[in-house]
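This report concerns only the one structure given below.
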């Protein structure tokens, strides 16, 4: 499966970053506005077994997607996996590594499998990778603004 990875260093503790990102309402704040991210169903705080039902604008259509939290190790990592959606597979590992006493490196590692069939000719691994690069650049810049100004 193709793999995408993005990293950002933020001047806050791993606990602060982790606690921010396990709240789905905060994900909306850091997502690019053009994605139109909207949660249809999500808990206030993620835990193992939590499901996130959401819609997102992508490739000219609104996509309905459901992810499940399959692992959560506070404050070091959590994993979300697509259980329904347009891709054949999606596993997003969120890692939080203390860089020093005042900062954390957040690593987003995503393994994905593009859709099959006719859709797979248009939505290739390269296109998905490019979209993830743009989206995570925005997301990480927003995280820096929100979390570094809070401290």
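Any read-out appearing in this document is the output of simple, stated calculations on the displayed coordinates, not a laboratory observation. Just so you know, these numbers come straight off a predicted model, no measurement behind them. No Cβ is skipped: glycine too gets one built from the backbone with ideal geometry, and neighbour counts run over all protein chains shown.
Data table
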quantity	calculated
Any hit, region 67-82, residues being in contact with a strand residue (DSSP E or B) (Cβ under 6 Å, 6 or more places away or on another chain), loosely packed, with under 15 Cβ neighbours inside 10 Å and in a strand (DSSP E or B)	yes
Region 37-53, residues that are surrounded by 15 or more Cβ atoms within 10 Å (Cβ to Cβ) and touching a residue at least 24 places away in the same chain (Cβ under 8 Å)	46, 51, 52
Hits in region 10-20 - residues which are touching a helix residue (DSSP H, G or I) at 6+ places or on another chain (Cβ under 7 Å) and in a helix (DSSP H, G or I)	16, 17, 20
Selected residue (criterion: surrounded by the most Cβ atoms within 10 Å (Cβ to Cβ)) from residues of region 11-36 that are out of contact with any strand residue (DSSP E or B) (no Cβ under 9 Å at 6 or more places or on another chain) and within 25 Å of residue 131 (Cα to Cα)	30
Any chance residue 58 is on the phi < 0 side of the Ramachandran plot and buried (at least 17 other Cβ atoms within 10 Å of the Cβ)	yes
Odd one out for residue 133 among (1) part of a strand (DSSP E or B); (2) surrounded by fewer than 16 Cβ atoms within 10 Å (Cβ to Cβ); (3) touching a residue at least 40 places away in the same chain (Cβ under 8 Å)	(1)
Matching residues in region 61-103 - criterion: being closer than 21 Å to residue 47 by Cβ, touching a residue at least 40 places away in the same chain (Cβ under 8 Å) and over 11 Å from the mean Cα position of the chain (by Cα)	72, 74, 75, 76, 96
Any hit, region 107-121, residues being within 25 Å of residue 144 (Cβ to Cβ) and assigned to a loop (DSSP other than H, G, I, E, B)	no
Any hit, region 38-50, residues being within 16 Å of residue 110 (Cβ to Cβ) and not in a helix (DSSP H, G or I)	no
